[in-house]
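To start, the structure under review is shown below, and the notes come after it.
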Amino acid sequence: MPKRNTGKFEPIASFFDTHYLQPGKLPGMVTLVARHGEILWCHAQGLRDVERNLPMNRDTLFRVYSMTKPVTSIAMMQLYEQGKFLLNDPVHKYIPGWRNLRVYKGGRYPDFETEPAASVMTIRDLMTHTSGLTYGFTERTEVDAAYRKLKLDGSTILTLDKLVDRLAELPLEFSPGTAWNYSVSTDVLGYLVELLSGQSLDSYFQEHIFDPLGMTDTGFHVRPDQQERFAACYLYQSGNTMKLQDDPERSRYLKEPKFLSGGGGLVSTIDDYFRFAQALCQGGEYQGQRIIGRKTLEFMRLNHLPGGQDLPALSIGGFTETPYAGSGFGLGFSVKTDIAKSATIGSPGEFGWGGLASTSFFIDPVEDLVVIFMTQLMPSSSYPIRQQLRALVYGVLD
């Protein structure tokens, strides 16, 4: 893969060193900037494991958390291209137990007061997080408290089958299509990928996305041959410090999981994820391998939120992997709709997403630009890294 080091990108490395590494706010990071299909700059700095004083490297393996969601969304739309479903199909067509979903009115688990949903949940609602589902970690409502009690964000005993069955017993936060709330919707899509393809989610990803793109380091667990490259993950502490959250030598990622989370289960490297992101930047194709049709991808990149609204206008929860106004949501990632309103540099139609441990990527089709940032600090809202990174990158573009 071509790599060209240019001095003009050094201010980016210097900024992160001065503002994040030296003060001990982040352990380390790898940053990649590519344009017109060529990697212009890829730089690793800091440590992948502070406790063992191990350096961050370009081939370091990261927990990408919600950067799994675009992969699952592409998998679903591959099946859409095969005529396996329509976006306006009701979810209960494929999950019969979801036929009579109800919406929360009051009470707490297990004694909820509910009412019938005013609308039917569709597959499009799952893909756009307008389903009425939620996440337990948001800690905002009695419904997400039930998710925490039942460990529906992921646990050692959870499976996709169990997730779908348990969600059928819980109320929605709102009637589908009426609001936006970040949720386990993409995990349900992972279940549907398995159902519609007849393959487990990991084998489907491997055959239809990872193998075609040459993504040899991406999967739902860390293989023994990868373990020495696996980064530690840290948790933000008040006072702008951090503590170890997941030790790479004892991590649950070292074992194959029962729960294949299409919403947040993958580990990857920056070069592997570049192959996926570059395919999206090039209309669905990378190095002669097409993973999605050009028109399908164009459709996914539209703002699919009701009435063309942006995220702040429709969101009922405080959590999102993109803090910007002026961003809508497509089928699997955020989509920039209003540059001035976003108060961040970019182009109309830019799309991307991030992960809970502060990883992120964005694709600017107008500039033919791919930017990927990998680190391991939870939560992603700890620092305004994503806004700062885009200002730095656009500032050095020709």
| note | Within segment 297-350, restricting to residues that are crowded, with 22+ Cβ neighbours inside 10 Å and of a type in the set (Asp, Glu), the one that is nearest to Glu367 (Cα to Cα) is Glu350
| task | Confirm whether Leu235 is in contact (Cβ under 8 Å) with a residue 40 or more places away in the chain and open to solvent by 40 Å² or more (accessible area, probe 1.4 Å). | result | yes
| task | Considering each of Glu113, Glu139 in turn, give the residue that is more than 15 Å from Leu170 (Cβ to Cβ), open to solvent by 30 Å² or more (accessible area, probe 1.4 Å) and charged (D, E, K, R). | result | Glu139
| In the set Lys149, Lys162, Lys105, which member is closer than 25 Å to Gly177 by Cβ and basic (Lys, Arg)? | Lys105
| request: Scan segment 147-168 and report the pairs whose first residue is closer than 16 Å to Tyr191 by Cα and among the polar types (S, T, N, Q) and whose second residue is in a helix (DSSP H, G or I) and open to solvent by 70 Å² or more (accessible area, probe 1.4 Å), with Cβ atoms within less than 6 Å and a gap of 6+ or a chain change. | output: none
| note | Among (1) in contact with a helix residue (DSSP H, G or I) (Cβ under 8 Å, 6 or more places away or on another chain); (2) in contact (Cβ under 8 Å) with a residue 12 or more places away in the chain; (3) open to solvent by 40 Å² or more (accessible area, probe 1.4 Å), Ala118 falls short only on (1)
| query | Within segment 208-235, which residues are within 13 Å of Ile74 (Cβ to Cβ) and in a helix (DSSP H, G or I)? | reply | His208, Ile209, Phe210, Pro212, Leu213
| field | Selection from segment 122-136 of residues that are open to solvent by less than 10 Å² (accessible area, probe 1.4 Å) and part of a loop (DSSP other than H, G, I, E, B) | value | His129, Thr130, Ser131, Gly132, Leu133, Thr134
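Quick check on segment 93-107. Is at least one of its residues within 19 Å of the chain's Cα centre (by Cα) and not in a helix (DSSP H, G or I)? Let's see the steps before the verdict.
Of all residues in segment 93-107, those within 19 Å of the chain's Cα centre (by Cα) come to none.
No, segment 93-107 contains no residue that is within 19 Å of the chain's Cα centre (by Cα) and not in a helix (DSSP H, G or I).
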| field | Those residues of segment 47-95 which are open to solvent by 30 Å² or more (accessible area, probe 1.4 Å) and either small (Gly, Ala, Ser) or at pLDDT below 95 (or both), in sequence order | value | Gly83
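The values are calculated or read from the model by the stated rules, or taken from the named source; none is laboratory data. These figures come from a predicted structure and were not determined experimentally. When we count neighbours, we look across all protein chains shown, and the Cβ atoms used for this are built from the backbone with ideal geometry, even at glycine. We work out accessible area using only protein heavy atoms, side chains counted, and drop any ligands, DNA or RNA first. Shrake-Rupley method; radii C 1.70, N 1.55, O 1.52, S 1.80 Å.
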